[in-house]
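Presented below is the structure to which this report refers.
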There are 2 protein chains.
Amino acid sequence: MAICSAHTTTSLHSPCTTVSNTGFRQKQVIFFTSNRRSGRRHGGARTFQVSCSVEKPVVIGLAADSGCGKSTFMRRLTSVFGGAAEPPKGGNPDSNTLISDTTTVICLDDYHSLDRTGRKEKGVTALDPRANNFDLMYEQVKAIKEGQTIEKPIYNHVTGLLDPPEVITPPKIFVIEGLHPMFDERVRDLLDFSIYLDISDDVKFAWKIQRDMAERGHSLESIKASIEARKPDFDAYIDPQKQYADAVIEVLPTQLIPDDNEGKVLRVKLIMKEGVKRFNPVYLFDEGSSITWVPCGRKLTCSYPGIKFAYGPDSYFGHEVSVLEMDGQFDRLDELIYVESHLSNLSTKFYGEVTQQMLKHADFPGSNNGTGLFQTIVGLKIRDLYEQIVAERAGAPAEAAKV
Amino acid sequence: MAICSAHTTTSLHSPCTTVSNTGFRQKQVIFFTSNRRSGRRHGGARTFQVSCSVEKPVVIGLAADSGCGKSTFMRRLTSVFGGAAEPPKGGNPDSNTLISDTTTVICLDDYHSLDRTGRKEKGVTALDPRANNFDLMYEQVKAIKEGQTIEKPIYNHVTGLLDPPEVITPPKIFVIEGLHPMFDERVRDLLDFSIYLDISDDVKFAWKIQRDMAERGHSLESIKASIEARKPDFDAYIDPQKQYADAVIEVLPTQLIPDDNEGKVLRVKLIMKEGVKRFNPVYLFDEGSSITWVPCGRKLTCSYPGIKFAYGPDSYFGHEVSVLEMDGQFDRLDELIYVESHLSNLSTKFYGEVTQQMLKHADFPGSNNGTGLFQTIVGLKIRDLYEQIVAERAGAPAEAAKV
């Protein structure tokens with residue numbers, strides 16, 4: 001019952017129709033047609049013979065606002081599995097998809113039902129469900145989860161148009177990232193694990209100022225206006241998804257520097273839902289207690305403003321959760337390995353794996369703070385969840401044979 | 001090189017002069033004479049043959065104000081060594097001394113140079129060094145430490161007079177408790193370990209009200225007046241000793257109940273000096289870091305106001321210290337053993353020994369809060385220190401023989 005990788009045995013950009021080997025199951029390709037002028041699309045299904053059978057992928061949903069570090073997160077996740085994530089080779093250079101040996105990450109912007117012009121005409125933002133085709137999203141995620149190949153649309157962020165589709169074959173792990181992975185109940189129910197990246201307004205504002213004002217020369221007023229314009233739809237359609245997430249990474253301003261508004265030093269919370277199958281929340285020192293921990297002191301000499309951890313049980317949208325929080329940033333490797341050595345349930349395969357992963361990508365944004373640490377931890381958790389599912393599938397027939 | 005107990009082989013209330021066995025060393029008895037009318041005393045030394053040789057005792061100093069739980073502490077300490085502490089059998093019923101198999105605890109009030117009348121005449125309090133004979137205190141503690149028997153004065157708390165002396169033979173552990181164990185530099189230098197019980201003014205006041213108003217019918221005004229009258233001498237002569245203590249138990253009002261002034265729920269700190277030979281401070285989770293811990297949550301359901309621990313490095317009178325703090329109280333055994341299981345460097349001989357000790361004396365004051373817990377822990381630390389000294393002494397000749 002080994003899981004084969006579609007990417008190593010088939011061409012990614014053609015449906016697996018050319019070869020039919022004995023023992024391989026029939027597969028469907030879920031495709032779509034689009035009318036680029038009107039922005040209308042139609043979803044449909046046709047049956048193909050596929051060249052290889054893959055296991056049904058584990059499906060992960062990652063929700064966040066645009067420009068909030070989802071791609072960094074995805075690069076950390078695929079790195080945990082050992083491979084680098086790259087855009088599909090030879091396809092549309094503006095494809096939003098990232099593929100590694102184990103993982104395919106698609107961007108849900110590809111399910112925009114309205115292109116930029118269409119949204120302008122109808123007066124809706126990309127955040128608005130009316131600008132997105134949830135029926136097709138559901139059908140295609142469901143098809144992938146069932147092991148079928150799909151022809152997924154591409155939303156071209158450069159042109160603002162809907163480009164011709166690309167073929168996506170079922171990977172081991174299929175990640176849907178974007179604005180609405182948990183918005184539609186049908187899509188939500190397909191997710192084996194879901195994550196919400198929650199950047200607080202203060203931090204978003206500081207980041208946007210940093211990027212748009214310093215790097216792009218926008219005015220403070222125009223930045224404020226663009227945030228304000230976006231906020232009602234964000235609050236109505238994006239933010240409420242966090243209640244469904246199995247894990248939320250919440251990014252807040254530091255509390256170590258009084259009245260800090262630079263958004264450089266961050267306080268990051270990893271909110272982990274309790275009672276989720278195959279997901280054991282990480283804990284600090286004593287599972288279920290409330291803890292604060294300042295590891296700087298006799299053993300580590302952290303520079304100002306230092307590092308502070310907190311851990312404890314809490315309630316989040318009526319769910320019991322465990323929250324791990326890190327305020328401040330790492331100066332050196334010593335601090336990171338020291339912190340790792342005091343966290344439990346990390347789902348690492350060897351001592352120091354979190355630190356090794358963080359060091360490997362020291363140049364990624366957030367590598368010295370809680371965003372990088374918690375993204376890495378969630379990556380390990382997803383690997384663990386995936387391996388549990390594989391083991392269960394491998395174990396199931398054996399169990400049946402015993403009876 | 002076994003340490004023999006003087007109490008089991010000799011009568012406590014006569015100097016060991018009657019029997020002289022081969023192999024026993026000559027001992028001195030340091031005695032004193034007193035003039036009960038004038039309150040004057042003279043210290044001196046005479047040589048006696050003693051009946052048994054005892055090792056040089058380990059000397060412990062315990063400083064605290066009157067009525068601040070020293071006797072409870074001493075009962076907890078002697079219990080750690082397995083025996084109950086009792087007044088000397090057949091002696092002065094108003095003796096302030098407590099003796100167990102291993103430990104002799106003397107009260108330094110016995111070194112008052114002025115009796116109650118004398119103090120009144122001279123207008124000095126018992127806290128005033130002028131009311132105390134530090135020369136005799138030094139000579140006798142030194143003599144005991146050198147393995148000599150002493151004739152120690154008795155201050156009769158009932159009559160306020162100086163009673164005829166009692167004979168004290170060197171025990172394994174000799175504890176001097178009272179107002180001034182660390183006041184005189186010569187005495188201080190004799191101490192192998194020193195402890196200061198530091199009850200905050202707020203708690204002292206609450207306790208005094210509870211006892212003197214509720215139980216003895218004193219007026220609030222008279223209680224306030226008596227505390228105020230005592231305070232200048234206390235601040236001048238008693239309080240400064242805490243800077244010399246190896247361990248300080250500080251008792252403060254709770255911070256779990258806003259504006260609490262009942263003094264029933266306590267916040268207790270165990271301040272442990274770093275770098276003290278044979279004393280490894282207790283720590284919580286991670287030595288040298290700053291930690292807070294609320295063990296109530298998923299595992300323990302503590303009733304209001306709960307329990308909160310804190311641990312971390314600090315500075316105390318210019319010394320580096322580690323501080324362990326407990327705010328709140330235990331409801332049940334579960335909580336105590338759970339807390340014990342998360343503390344390190346406790347110097348227990350088996351898992352759960354702290355809890356067992358606390359349960360054995362559940363009726364002692366402070367058994368459900370940090371005073372009892374930290375007194376018990378300090379007791380274990382003293383046992384550990386004693387055993388290290390014994391091991392060193394036993395090891396020393398062997399080491400020498402090797403050379």
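Bridging of A:Lys145 to lysines at a Cα separation below 29 Å is possible for A:Lys27, A:Lys56, A:Lys70, A:Lys89, A:Lys172, A:Lys242, A:Lys273, A:Lys277, A:Lys349, A:Lys381, A:Lys402, once same-chain residues fewer than 8 apart are set aside. Taking 16 Å as the straight-line reach from the Cα of B:Lys231, the aspartates and glutamates in range (excluding those fewer than 8 positions away in the same chain) are B:Asp65, B:Asp128, B:Asp198, B:Asp201, B:Asp202, B:Glu221, B:Asp239. Taking Lys and Arg as +1 and Asp and Glu as -1, the other residues whose beta-carbon sits under 11 Å from that of A:Ser95 total -3. Label-to-label distances for B:Ala394 across copies, nearest first, come out at 5.4 nm, using points 7 Å from Cα in the beta-carbon direction. A DSSP coil position with no more than 12 other Cβ atoms inside 10 Å describes the following trypsin sites (Lys or Arg not before Pro) in region B:299-403: B:Lys349.
For the pair region A:140-169 / region B:216-230, the C-alpha centres are spaced 84 Å from each other. Return the carbon/sulfur percentage of the accessible area of region A:318-403, one whole number, probe 1.4 Å, all protein chains in place. Here carbon and sulfur together make up 55 percent of the probe-accessible area. Summary of packing: across the peptides B:161-170, A:275-284, A:80-89, the per-residue average of other C-beta atoms within 10 Å ranks them, highest first, as B:161-170, A:275-284, A:80-89. Other residues with beta-carbon under 11 Å from the beta-carbon of B:Phe374 carry, at +1 per Lys or Arg and -1 per Asp or Glu, a net charge of +1.
Among B:Glu274, A:Glu185, the sequence by solvent-accessible area, most first, with a 1.4 Å probe is A:Glu185, B:Glu274. In a reduced charge model with +1 at each Lys and Arg Cβ and -1 at each Asp and Glu Cβ, region A:81-209 shows a dipole moment near 180 debye about its Cα centre.
When a/c reaches 1.5 or more, the comparison of a/b and b/c decides; with that in mind, is region B:262-403 rounded, prolate or oblate per its Cα gyration tensor? Taking the square roots of the gyration eigenvalues as a ≥ b ≥ c, region B:262-403 is prolate. For the pair region B:55-91 / region A:311-349, the C-alpha centres are spaced 45 Å from each other. Taking both sides together, the accessible area buried where A meets B is about 1600 Å² for a 1.4 Å probe.
Candidate cross-link partners of A:Lys264 among the lysines, defined by an alpha-carbon separation under 16 Å and a same-chain spacing of 8 or more, comprise A:Lys204, A:Lys208, A:Lys308. Across the copies of the chain, A:Ala236 has label points (7 Å from Cα along Cα→Cβ) spaced 7.8 nm apart, shortest distance listed first.
For B:Val80, neighbours were defined as the other residues whose beta-carbon sits under 13 Å from its Cβ, and their charges (Lys and Arg +1, Asp and Glu -1) total +3.
Between copies, the label points of A:Arg216, set 7 Å from Cα on the Cα→Cβ line, lie 7.8 nm apart, reported in increasing order to one decimal in nanometres. Rounded to the nearest 20, the Cβ-based charge dipole of region B:154-244 about its Cα centre (Lys and Arg +1, Asp and Glu -1) stands at 180 debye. Dipole size of region B:231-356 about its Cα centre, with +1 on Lys/Arg Cβ and -1 on Asp/Glu Cβ: approximately 300 debye, rounded to the nearest 20.
For region B:315-354, chymotrypsin sites (Phe, Trp or Tyr not before Pro) are listed when DSSP marks them as loop and at most 11 other Cβ atoms sit within 10 Å of their Cβ; the list is B:Phe350.
The values are calculated or read from the model by the stated rules, or taken from the named source; none is laboratory data. These numbers come from a predicted model, not from an experiment. Counting neighbours? That spans all protein chains shown, and the Cβs are built from the backbone with ideal geometry, glycine included. Heavy atoms of the whole protein, side chains included, go into the accessibility calculation; ligands, DNA and RNA do not. Shrake-Rupley method; radii C 1.70, N 1.55, O 1.52, S 1.80 Å.
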